[in-house]
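As structure tokens, the structure follows; a few thoughts come after it.
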Amino acid sequence: MIRARFIVDGDVQKVGYRDFVQKVARKLGVKGYVENLPNGSVQIVCEAEEPVLKSFVENINVREGFIKVERISIIEKSEAKGEFEFFEIKYGRIEDELGERLGTAVTYASAMYDGMREMHNDIKGMREEMKEMHSDVSGTVKSMHMDLKETIVNMHNDLKNGIAGVQSEISGMRREINDRFEEMAKRYDTISAELVRTREELTKAVNALLKLIEEFIRERQEDRERRGK
């Protein structure tokens with residue numbers, strides 16, 4: 001068993017990094033604690049077997065979401081003392097911790113708000129496209145009406161010249177109408193698929209936020225229960 005002390009630098013405070021480290025440590029069976037330092041870094045003191053410690057460091061060296069680890073420095077290593085029963089978060093003053101949690105919540109809420117605002121802008125843009133599409137459809141229908149009128153006039157003239165000419169004009173008109181209606185159907189299908197995808201992404205974003213809140217409440221409750229024991 002090895003005892004080690006690490007210093008983690010980067011964007012690791014007010015982004016939920018301590019909770020992330022605790023989760024990884026408990027999964028791997030690492031014992032010890034993690035705490036914030038006044039200079040913005042995070043300190044980890046832990047005990048485990050050498051291969052487990054190596055895996056632990058690899059798993060907490062992440063750049064995902066708002067967590068951006070720049071460097072993990074091994075400050076010291078020694079023989080394990082066996083003083084830890086589990087892995088915990090060492091909290092500072094209550095006002096500092098409230099600020100930490102509030103800062104984390106604001107960071108994630110701001111990102112969620114920005115994402116929802118982007119989706120709102122996308123939906124707004126889609127509405128504008130639908131309006132333009134409606135105008136295009138109206139123009140297409142009007143154009144088709146004019147084309148149909150012209151075609152009928154031509155058909156009347158062609159009837160005077162023979163049945164063969166009339167049949168040719170009817171065939172051409174059918175192809176043109178089918179092509180235009182197929183184009184209209186494709187445009188509406190694209191808009192419909194985008195609306196469905198946007199609704200699904202919004203639902204996933206809201207569910208992710210709820211899950212984050214539930215995990216935070218559950219982990220705090222587990223910490224209180226363990227401290228009560």
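The values are calculated or read from the model by the stated rules, or taken from the named source; none is laboratory data. Remember, it's a predicted structure, so these values are computed and weren't measured experimentally. A quick note on method: Cβ atoms are made from the backbone with ideal geometry, for glycine too, and the neighbour counts reach across all protein chains shown.
Condition check ((1) out of contact with any helix residue (DSSP H, G or I) (no Cβ under 7 Å at 6 or more places or on another chain); (2) closer than 15 Å to Ile74 by Cα; (3) not acidic (Asp, Glu); (4) not assigned by TED's automatic domain parsing to the domain that holds Phe86) across all residues:
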residue	(1), (2), (3), (4)
Asp9	yes, yes, no, no
Asp19	no, no, no, no
Arg26	yes, no, yes, no
Gly29	no, no, yes, no
Val34	no, yes, yes, no
Asn39	yes, no, yes, no
Cys46	no, yes, yes, no
Phe56	no, yes, yes, no
Ile60	no, yes, yes, no
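For region 78-113: of the residues being among the basic types (Lys, Arg) and surrounded by fewer than 12 Cβ atoms within 10 Å (Cβ to Cβ), which is modelled with the lowest pLDDT? In this case the residue turns out to be Arg93. Hey, among the residues in region 190-229 that are of a type in the set (S, T, N, Q) and either touching a residue at least 60 places away in the same chain (Cβ under 8 Å) or more than 30 Å from Met126 (Cα to Cα) (or both), which one's surrounded by the most Cβ atoms within 10 Å (Cβ to Cβ)? Going through the qualifying residues, I end up with Thr198. Any idea how many residues of region 60-84 are part of a strand (DSSP E or B) and out of contact with any strand residue (DSSP E or B) (no Cβ under 8 Å at 6 or more places or on another chain)? Residues meeting the conditions: 1.
Report whether or not Val52 is over 16 Å from Phe84 (Cβ atoms), part of a helix (DSSP H, G or I) and of a type in the set (A, V, I, L, M). When the stated conditions are applied, Val52 does not pass them. Selection of region 19-42 for residues being within 14 Å of Glu64 (Cα to Cα) and buried (at least 23 other Cβ atoms within 10 Å of the Cβ) yields only Val21. In region 70-86, which residues are closer than 16 Å to Met1 by Cα and either among the acidic types (Asp, Glu) or outside the structural domain of Leu53 (by TED's automatic domain parsing) (or both)? Correct list: Glu76, Glu79, Glu83, Glu85.
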